[in-house]
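J.: One structure is given below, represented as structure tokens, and several questions about it will come after.
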Amino acid sequence: MDDDGLIMNFAIPDGTQTFKKTAPKAGGLSWRERRAKFKLGEGAGPKSGVNSIAVAKRAPRENKGNFNKPNRDGQSKDKQNSEGSSGSQKRSHPEELAESKKLKFTEKSGEKGGINNTYVSSLFTAQTKGPTLEETTAESVSHQPSNAPLKDDSTFEGLGLTEKLSQHLTSSMKYVAPTKVQRAVISKMIDSQQDYFVKAQTGSGKTLAFVLPIIHRLMTEPDLITRLSGLFAVILTPTRELAVQIHAVLESILRCHHHIVPGVVVGGEKKKSEKARIRKGVNILVATPGRLADHLENTTSLDVSQVRWLVLDEGDRLVELGFQETITKITDHLSQHSRINSNKWIELPPRRVNILCSATMPDDVKQFGSTILEKPEMISIDRGSEINATAPDQLVLKVLTVPPKLRLVTLAACLKNVPLHSEEVSRSIVFLSCANSVDYHFDVFAHGGKTTLLKDVEENEDEEGDEKNKKPTKPEIVYSTAPQINSNSVVFRLHGSLSQQLRSATILAFISNAAANSNKHFVLLCTDVASRGLDMPNISNVVEYDPPFTVDDHLHRIGRSARLGKAGEATIFLLPGEEEGYVDGKLRVVHPKKGSLRIVKYETILENAFSQEDAPDNKTGKKDPKAKAGKWDMHATTWHLEVERWLLENTAALEKASNAFVSHVRAYATHIGLEKMYFNVKTLHLGHLAKAFGLRETPKKLGSKSGENEGKKKEDPRKKMLRLARLAEKSKASEFNY
Ligand SMILES: Nc1ncnc2c1ncn2[C@@H]1O[C@H](COP(=O)(O)OP(=O)(O)OP(=O)(O)O)[C@@H](O)[C@H]1O
């Protein structure tokens, strides 16, 4: 087990120290110099913004009311520790005077100072380590989509599917032609009994690729198959949401042939109604592994003696999440209980066919797969090799190198910048590393907004009506308007610690295309629980706010956009320094198309978003009297100060911020060994990072509580390392990812 970073991660920071860097420091210009160059036209930014640096130097008095102390102070880096004095706040924003007392701002130099030894550091400080990556200035190139339906004369019927099924696909479901992976898999599976690995890019239609040949064979069986005929196919998925989604796909395809019945069993609270459904009979069962194993053990009516297909969808994720043991248990059970009789159901495969499917297929997954699959054939549609997976060609990835302090405000800016569509909903997905961080950031954007509770949107009972869903003890929020983004945004959250009812209600509300939602921007904050297989409409942008744990996770996350030939965009946040090496080291390999990876300056994003603060308010049509044209950096600072102020006034929110920060750092420490050269917890500037959580100092609980270990025997370092590694591994599956 790789211990790198784990022990260091739990060292106690004092809020002022920066960790000794093990890798060379990033060079590059200071924020001020870059900004000045940018404004002089050496960058590509628009001219609307006023050069606050130049203004500051020419007319310090004019800028006295500016929160942005670094601008005012010119080059004296060491004296730039304050967002603004109470006097300065009074001038630009009178109502903030009272607040400023609460904020205990200090003008003292250095990082410490102020009442209770608190300090407020500026967002835009010159000492911030700046990005070194060169901005991409070349014209952006657009590429032909690599995951679209085929444009040659391929048809579903031409692949051998029945006329009834093909017509249903084209007429009712409006699927004109198959995709590459569908052509390859359907033509093979339609009459073979071979096992397959299927690897194809995200959004290329893999679900239909394995589902259609199964349905076709069940439909064409001479003896009519009905729900009473038995269970013939099992599809396993790593998440409940994906299972529910695949079940919905099956239901819509089977509208053309009602005799075949699909079912779904997932973790949650409806075991009794699941049992009832199984008892009535299902022919294709979609399940999460744990839940299926449970039913195999406890539901006597679940007869698996006729199972002819086992599909492991997102197979690599199933392995990563440690489901191998459960899956092995399931396959052993299936094998032991198999009673396939070749005289019955003569058109179905005479043995169980196994398929493992994903956009990424690391070696260990293939190894594990080979223990279940028998002499499998690999069907790989990726333009890369069998080993390397790539992003869809048409997807554009924007890389933003953002100094730690500016992360939160830059995220807000990204979300503010998403264009709205008068006819439909725009959607963004923001990936964070852990559940605590999702909850906290939800509150950041939602505070002051109007919330919608679960009881307002949930369905009252299961379709069988034999089990009422348990009511949560306290009201759960499904979504909220997000005034901290703008008046058109609505924010949602999804992670594994939420109740299943809330998770389902959230997905349903997020993908709703109700007319009333036109011109709205839906933002889903989530962990990697939403990174696999979920197919959601109109995702304008996927934001990887926290870096992925592996480059495969990156491909799956961004794959929520640019699906089935549609254009798509993703943005990844990196920190200046070692993280920038991730671009050439990993990202360019999986985004090989020229111009598909673009380095973008965070200043451009901030300027676009916060210059808008000068625009008339959508509702009132009036301009904000406080606004100063083009002073995006000041507006950005004000936005961030509002967050800090809210935290100071709200102890529960402050506690959440602190927990989120701690979980975030711990999650960061779990990056895989191979990628630790880019994501090394030892190189994080914790103080600056805390600022991006609205905190003025690093939470003490990151390390052990003071005095906690006094008098205790010093733990053997090797044992400690192993203990912490085990702890991190354990929590990885629950707290961080799932
Ligand atoms: N031939 C087709 N024509 C039109 N739309 C299709 C076709 N096949 C699939 N789709 C649609 O394309 C979308 C993506 O399909 P699917 O979810 O199966 O992709 P995937 O390859 O499994 O992606 P991921 O790797 O992210 O799980 C779905 O909305 C699906 O309904």
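The values are calculated or read from the model by the stated rules, or taken from the named source; none is laboratory data. What you see is a predicted model; the values in this text were computed from it and never measured. Methodologically, a virtual Cβ is constructed for each residue, glycine included, from the backbone with ideal geometry; neighbour enumeration extends over all protein chains shown. The area values use the complete protein model at the heavy-atom level, side chains included, leaving out ligands, DNA and RNA. Shrake-Rupley method; radii C 1.70, N 1.55, O 1.52, S 1.80 Å.
J.: How many residues, within the range 474-506, are of a type in the set (A, V, I, L, M), without any contact (Cβ under 8 Å) to a residue 40 or more places away in the chain and closer than 16 Å to Val430 by Cα?
T.: Result for the range 474-506: 1.
J.: May I ask you to list pairs of residues, at least six apart or on different chains, whose Cβ atoms are under 7 Å apart, with the first in the range 201-225 being in contact (Cβ under 8 Å) with a residue 40 or more places away in the chain and the second being of a type in the set (Ser, Thr, Tyr) and near the ligand (Cβ under 6 Å from one of its atoms)?
T.: Ser204/Thr179; Gly205/Thr179
J.: Would the range 207-228 turn up any residue that is assigned to a loop (DSSP other than H, G, I, E, B), out of contact with any Phe, Trp or Tyr (no Cβ under 6 Å at 6 or more places or on another chain), within 15 Å of the ligand (Cβ to nearest atom) and on the phi < 0 side of the Ramachandran plot?
T.: Looking for residues that are assigned to a loop (DSSP other than H, G, I, E, B), out of contact with any Phe, Trp or Tyr (no Cβ under 6 Å at 6 or more places or on another chain), within 15 Å of the ligand (Cβ to nearest atom) and on the phi < 0 side of the Ramachandran plot, one finds none in the range 207-228, hence no.
J.: Go through the range 607-620 and count every residue that is within 17 Å of Glu135 (Cα to Cα) and either surrounded by fewer than 21 Cβ atoms within 10 Å (Cβ to Cβ) or modelled with pLDDT of 95 or more (or both).
T.: Number of matching residues: 1.
J.: Residues that are among the hydrophobic types (A, V, I, L, M, F, W, C) and within 16 Å of the ligand (Cβ to nearest atom): list the strands (runs of 3 or more DSSP E) wholly contained in the range 471-578 that include at least 2 such residues.
T.: Fully inside the range 471-578 and qualifying: 521-526, 539-544.
J.: Oh, and also: In this structure, is Asn354 away from the ligand (no atom under 16 Å from the Cβ) and touching a residue at least 24 places away in the same chain (Cβ under 8 Å)?
T.: yes
J.: Additional query: Just checking, how many residues over the range 308-347 are surrounded by 22 or more Cβ atoms within 10 Å (Cβ to Cβ) and assigned to a loop (DSSP other than H, G, I, E, B)?
T.: 3
J.: Oh, and also: Among the listed residues Val286, Val304, identify the single one that is over 30 Å from Asp528 (Cβ atoms), touching a His at 6+ places or on another chain (Cβ under 6 Å) and crowded, with 19+ Cβ neighbours inside 10 Å.
T.: Residue meeting the stated conditions: Val304.
J.: Still on this structure, I have one more. Scan the range 133-182 residue by residue and report those that are within 12 Å of the ligand (Cβ to nearest atom), small (Gly, Ala, Ser) and assigned to a helix (DSSP H, G or I).
T.: The one that is within 12 Å of the ligand (Cβ to nearest atom), small (Gly, Ala, Ser) and assigned to a helix (DSSP H, G or I): Ser166.
J.: Sort through Thr371, Thr452 and tell me the only one that's surrounded by fewer than 24 Cβ atoms within 10 Å (Cβ to Cβ) and either closer than 26 Å to Glu314 by Cα or modelled with pLDDT under 90 (or both).
T.: Among Thr371, Thr452, only Thr371 is surrounded by fewer than 24 Cβ atoms within 10 Å (Cβ to Cβ) and either closer than 26 Å to Glu314 by Cα or modelled with pLDDT under 90 (or both).
J.: From Leu296, Leu318, Leu312, Leu302, grab the single residue that is in the same structural domain as Arg277 (by TED's automatic domain parsing) and closer than 19 Å to Ala209 by Cα.
T.: On inspection, the qualifying residue turns out to be Leu312.
J.: Can you say whether Arg383 is at pLDDT below 95, among the basic types (Lys, Arg) and open to solvent by 20 Å² or more (accessible area, probe 1.4 Å), as far as the supplied structure shows?
T.: Against the criterion (at pLDDT below 95, among the basic types (Lys, Arg) and open to solvent by 20 Å² or more (accessible area, probe 1.4 Å)), Arg383 qualifies.
J.: Could you grab me the full set of residues in the range 183-194 that are away from the ligand (no atom under 14 Å from the Cβ) and open to solvent by less than 20 Å² (accessible area, probe 1.4 Å)?
T.: The one that is away from the ligand (no atom under 14 Å from the Cβ) and open to solvent by less than 20 Å² (accessible area, probe 1.4 Å): Met189.
J.: Met677 versus (1) assigned to a helix (DSSP H, G or I); (2) of a type in the set (A, V, I, L, M, F, W, C); (3) open to solvent by 20 Å² or more (accessible area, probe 1.4 Å): which is the lone unmet condition?
T.: Failing condition for Met677: (1).
J.: Also, I was wondering about something else. Just to be sure before I move on: is His143 under 35 Å from the mean Cα position of the chain (by Cα), at pLDDT 85 or above and surrounded by fewer than 19 Cβ atoms within 10 Å (Cβ to Cβ) in the structure I sent?
T.: Against the criterion (under 35 Å from the mean Cα position of the chain (by Cα), at pLDDT 85 or above and surrounded by fewer than 19 Cβ atoms within 10 Å (Cβ to Cβ)), His143 qualifies.
J.: Would you mind telling me which numbered condition in (1) open to solvent by less than 20 Å² (accessible area, probe 1.4 Å); (2) near the ligand (Cβ under 9 Å from one of its atoms); (3) in a helix (DSSP H, G or I) Ser204 fails?
T.: (3)
J.: How many of the residues making up the range 569-589 are farther than 28 Å from Lys405 by Cα and crowded, with 20+ Cβ neighbours inside 10 Å?
T.: 0
J.: Cβ-Cβ under 6 Å, sequence separation 6+ or interchain: first residue in the range 164-181 and in the same structural domain as Lys199 (by TED's automatic domain parsing) and over 15 Å from Arg255 (Cα atoms), partner of a type in the set (D, E, K, R) and within 7 Å of the ligand (Cβ to nearest atom). Which pairs?
T.: Filtered contacts from the range 164-181: Val181/Lys206.
Conditions tested, residue by residue: (1) under 25 Å from Leu212 (Cβ atoms); (2) touching a Phe, Trp or Tyr at 6+ places or on another chain (Cβ under 6 Å).
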residue: Arg279; (1), (2): no, no
residue: Lys329; (1), (2): no, no
residue: Ser335; (1), (2): no, no
residue: Arg351; (1), (2): yes, no
residue: Asp363; (1), (2): no, no
residue: Ser370; (1), (2): no, no
residue: Glu377; (1), (2): yes, yes
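J.: Right, another one. Please go through (1) surrounded by fewer than 22 Cβ atoms within 10 Å (Cβ to Cβ); (2) within 16 Å of the ligand (Cβ to nearest atom) for Leu250 and return the number of the only condition it doesn't satisfy.
T.: (1)
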